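*Asks:* Before I ask anything, here is the structure I am working with.
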Amino acid sequence: MTMLRTVVLGCGSYLPSRVVSNAELAASVDTSDEWIVQRTGIRQRHVAAEGELTSDLAIHAARAALASAHVDPQTIDLIVLATSTPDNTFPASAVTVQAGLGITRGAAFDLQAVCSGFVFALATADGLLRTGTYKRALVIGAETFSRILDWSDRTTCVLFGDGAGAVVLEAQQQPGERDDRGILTTHLRSDGRHKSKLYVDGGPSSTRTVGFLRMEGRAVFKHAVAMITDVIEDAFRTTGYTANDIDWFVPHQANKRIIDDSAKKLGIAPEKVVMTVSQHGNTSAASIPLALNTAVKDGRIKKGDLVLLEAMGGGFTWGSALLRW
Ligand code: UT7
């Protein structure tokens, strides 16, 4: 029996032009290129220019995704923007993106699940598209974490960067089989008992300020691999696919060691892992679409490939998505 599936039509990404190397950071905080590369795999990050906003990054990425999908923006009726660094407390940055793209129909809203934001946004759009209410969606992850970093705290400022990535999605009738194109399954989780391990120490209701990112890195690291593998095993159980069936593993890009350990624990071969963390650091909700777009552009991810996404971040939140490109 045929069923509606959410199929990816195209993707795009954007990184601000200013690149900050590890060496440049080592000039202002007590760190070194060697420490950062060894512990995280990060070599550089991009930082938005003064006055360059999350919505600006998102619009660049969205335009690139629309162009790659050969889709007229006017046919988009849903925009879900995953971000923890919106332009303003409100309105949602998604409506700025909507207006920037000249779209006047449908719905646009922000979704906040920190580093898991893209997977949460993808699952949300998938649910809305499969109801038949919406036809074409833009799912965007965009962040300017440089604005919430304490640049004197070496334990956090070396880890994060700015960027954006987007996908265009369409509801399509598929045969309703395991090898359908589109999103096959998504699994989302959160556990607020861990909220003090990774948080921002400000906000409109608590301090009336924006605040700075604070993290117990070691504690986050300790939970990350177990949570990631757990939610991927959910995806395997639901679909019957195994690690051997995966063509590309596109994880959240926070730390090379977390990615390597997760792939190893799951039995995913290293050559199937898309790794871009060295080039942009942890860009939170933007990291998965940035990595996806890299692997699509360089010809690794092709139509029909089985692609596994996962993320874990503040909250804690974590999730997986399995899709056929
Ligand atoms: O997107 C999801 C959110 N975030 C994450 O996934 C991050 C998860 N955590 C991590 O990636 C790692 O825990 C870090 C990269 C943050 C840290 O690596 P680690 O191997 O867990 O190091 P550590 O925190 O145990 O620190 C080891 C040492 C400490 O010194 P002592 O106490 O051993 O003397 C730190 O003070 O490294 C020191 N250190 C640094 N040294 C040079 C911490 N940051 C730096 C730094 N440069 N930037």
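*Asks:* Just for segment 188-232: of the residues that are among the aliphatic types (A, V, I, L, M) and within 18 Å of THR40 (Cβ to Cβ), which one is farthest from the chain's Cα centre (by Cα)?
*Replies:* ALA219
*Asks:* Next up: Just name the residue that is surrounded by the fewest Cβ atoms within 10 Å (Cβ to Cβ) out of those in segment 23-34 that are near the ligand (Cβ under 9 Å from one of its atoms) and touching a residue at least 40 places away in the same chain (Cβ under 8 Å).
*Replies:* Among residues in segment 23-34 that are near the ligand (Cβ under 9 Å from one of its atoms) and touching a residue at least 40 places away in the same chain (Cβ under 8 Å), the one surrounded by the fewest Cβ atoms within 10 Å (Cβ to Cβ) is ASP30.
*Asks:* Also, I was wondering about something else. For residues that are aliphatic (A, V, I, L, M) and surrounded by fewer than 24 Cβ atoms within 10 Å (Cβ to Cβ), scanning just segment 126-157, find the one that is farthest from SER287 (Cα to Cα).
*Replies:* Of all residues in segment 126-157, those aliphatic (A, V, I, L, M) come to 128-129, 137-140, 142, 148-149.
Those still in the list that are surrounded by fewer than 24 Cβ atoms within 10 Å (Cβ to Cβ) too: 128, 148-149.
Working: LEU128: 23, ILE148: 17, LEU149: 17 Å.
Step by step, filter segment 126-157, then rank; the result is LEU128.
*Asks:* Sticking with this structure for a sec: Looking only at segment 275-314, which residues are within 22 Å of LEU111 (Cα to Cα), out of contact with any Asp or Glu (no Cβ under 7 Å at 6 or more places or on another chain) and either within 12 Å of the ligand (Cβ to nearest atom) or in the same structural domain as ASP33 (by TED's automatic domain parsing) (or both)?
*Replies:* Listed by number, the residues that qualify are GLY281, ASN282, SER287, ILE288, GLU310, ALA311, MET312, GLY313, GLY314.
*Asks:* When you go through (1) out of contact with any helix residue (DSSP H, G or I) (no Cβ under 8 Å at 6 or more places or on another chain); (2) under 25 Å from GLU34 (Cβ atoms); (3) not small (Gly, Ala, Ser) one by one for THR276, which number turns out not to apply?
*Replies:* (1)
*Asks:* Just checking, does segment 131-152 include any residue being within 16 Å of the ligand (Cβ to nearest atom), more than 24 Å from ALA321 (Cβ to Cβ) and in a helix (DSSP H, G or I)?
*Replies:* Yes, segment 131-152 contains a residue that is within 16 Å of the ligand (Cβ to nearest atom), more than 24 Å from ALA321 (Cβ to Cβ) and in a helix (DSSP H, G or I).
*Asks:* Another question, if that's okay. I'm checking my understanding of the structure. Among residues of segment 33-48 that are within 18 Å of the chain's Cα centre (by Cα) and among the aliphatic types (A, V, I, L, M), which one is farthest from CYS157 (Cα to Cα)?
*Replies:* My answer is ALA48.
*Asks:* Can you tell which of GLY165, GLY132, GLY127 is over 24 Å from PRO251 (Cα atoms), in contact with a strand residue (DSSP E or B) (Cβ under 9 Å, 6 or more places away or on another chain) and assigned by TED's automatic domain parsing to the domain that holds HIS60?
*Replies:* GLY132
Matching residues to (1) part of a helix (DSSP H, G or I); (2) touching a Lys or Arg at 6+ places or on another chain (Cβ under 8 Å); (3) among the charged types (D, E, K, R); (4) within 30 Å of ARG178 (Cα to Cα):
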| position | (1), (2), (3), (4) |
| --- | --- |
| MET1 | no, no, no, yes |
| CYS11 | no, no, no, yes |
| VAL19 | no, yes, no, no |
| SER28 | no, no, no, no |
| THR31 | no, yes, no, no |
| GLY51 | no, no, no, no |
| LEU57 | yes, no, no, no |
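The values are calculated or read from the model by the stated rules, or taken from the named source; none is laboratory data. Predicted model, so just to flag it, every value in this text is computed and none were measured. All Cβ positions, glycine included, derive from the backbone under ideal geometry; neighbour counts span all protein chains shown.
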